[in-house]
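A short write-up of the structure that comes next.
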Amino acid sequence: MSSACIRVLADPVQIKECKETLNRLDADLALTTQIFNLSGNAARLKILLLLYKEGKMCPCDLSDILDISVGGISQHLRKLKDGKLVKDKKVGQTVFYSLVNENIEILKPVLENLSKENQKESVS
């Protein structure tokens with residue numbers, strides 16, 4: 001079976017409009033790709049879910065919950081912070097991390113769904 005295109009006539013208007021749409025969305029597509037790349041790691045997705053559910057957490061608590069060294073958690077948090085998905089706030093000697101809500105919008109349906117699945121299991 002050949003994967004060659006057998007199109008008889010191209011629709012130049014459709015092709016032009018699609019290219020223009022993608023060009024207009026270029027910055028949004030780049031941000032979305034970055035968000036999915038960062039959240040595509042299981043540990044980082046778990047961190048995002050915990051921050052979504054809890055509001056804010058420190059690296060030590062995340063380390064205890066996820067059984068990952070504080071250094072490992074810190075590396076994940078740094079990547080998430082560099083990607084503008086989380087922010088930090090120092091309170092005394094403790095640093096708390098929370099979500100950057102405007103940048104996490106695209107992941108909210110996923111995080112909400114995971115939260116609902118957790119609630120279903122704890123009710124059963």
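Any read-out appearing in this document is the output of simple, stated calculations on the displayed coordinates, not a laboratory observation. Source: prediction; values computed, not measured. Virtual Cβ from ideal backbone geometry, glycine too; neighbours counted across all protein chains shown.
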Inset, instruction - Quickly run through region 76-105 and pick out the residues that are more than 17 Å from G40 (Cα to Cα) and either in a strand (DSSP E or B) or touching an Asp or Glu at 6+ places or on another chain (Cβ under 7 Å) (or both). - result: K87, D88, K89, K90, V91, T94, V95, F96, Y97, S98
Inset, instruction - Having 1 or more residues that are over 19 Å from the mean Cα position of the chain (by Cα) is the bar; report the helices (runs of 4 or more DSSP H) wholly within region 1-75 that clear it. - result: 12-24, 59-66
Legend entry - Residues of region 61-90 satisfying the condition of being touching a strand residue (DSSP E or B) at 6+ places or on another chain (Cβ under 6 Å) and among the aliphatic types (A, V, I, L, M): L77, L80, V86
Inset, instruction - Could you tell me which of the residues G83, G40, G55 is touching a helix residue (DSSP H, G or I) at 6+ places or on another chain (Cβ under 6 Å) and of a type outside the set (D, E)? - result: G83
Legend entry - Residue satisfying all of: in region 1-32; small (G, A, S) and over 30 Å from L80 (Cβ atoms); surrounded by the most Cβ atoms within 10 Å (Cβ to Cβ) among these: A10
